[in-house]
Amino acid sequence: MKADSHLGIAAELLKTFALVDEPKLLLACVEEVRKALRAAGIRPELARTLDRILSKHRESPMEFSRSGKLIIADDRFLLETLDGAKIAAFIEEARREIGTHGRELLTGR
């Protein structure tokens, strides 16, 4: 399933982030988790959260990294912080959502 492939890529990027400590890899993880949800055809709250983060990144006048975290500022300088733990939680939540959705498709519920 394509969704599983995207989640696998996100997990590998997260492992790479832990090795090289490059916070910009966290955005690539967010994008892969979002692609996984899209491939599975579901739009839970997590998908909206990821869309908001990616939109904030695209429109951000400033981003910086500090202590292994990526900090995205919007035009009012409200901050969105991404770190490895947050991305790992996104990946796990997406796995649960995709697994639940797959079972619903199989059972017709």
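The values are calculated or read from the model by the stated rules, or taken from the named source; none is laboratory data. Predicted model only: the values in this text are computed from it and were never measured. As a convention, Cβ positions derive from the backbone with ideal geometry for all residues, glycine included, and neighbour counts pool all protein chains shown.
Against the condition among the β-branched types (Val, Ile, Thr) and out of contact with any Lys or Arg (no Cβ under 6 Å at 6 or more places or on another chain), how does residue 53 come out, does it pass?
In short, yes.
Every residue in the range 54-109 that is under 23 Å from residue 36 (Cβ atoms), polar (S, T, N, Q) and at pLDDT 90 or above, please.
Result: 55, 81.
Considering every residue within the range 8-25, establish whether at least one is in contact with a Lys or Arg (Cβ under 9 Å, 6 or more places away or on another chain) and β-branched (Val, Ile, Thr).
Checked the range 8-25: at least one residue is in contact with a Lys or Arg (Cβ under 9 Å, 6 or more places away or on another chain) and β-branched (Val, Ile, Thr).
Are any residues in the range 14-38 more than 11 Å from the chain's Cα centre (by Cα) and either farther than 15 Å from residue 93 by Cα or part of a loop (DSSP other than H, G, I, E, B) (or both), and if so, which ones?
Passing the criteria: 15, 16, 17, 18, 19, 20, 21, 22, 23, 24.
Which of the strands (runs of 3 or more DSSP E) contained wholly in the range 58-99 include at least 1 residues that are out of contact with any Phe, Trp or Tyr (no Cβ under 7 Å at 6 or more places or on another chain) and acidic (Asp, Glu)?
62-66, 79-82
May I ask you to list the residues in the range 20-58 that are touching a helix residue (DSSP H, G or I) at 6+ places or on another chain (Cβ under 7 Å), of a type in the set (A, V, I, L, M, F, W, C) and surrounded by fewer than 18 Cβ atoms within 10 Å (Cβ to Cβ)?
Within the range 20-58, 28, 39, 54 qualify.
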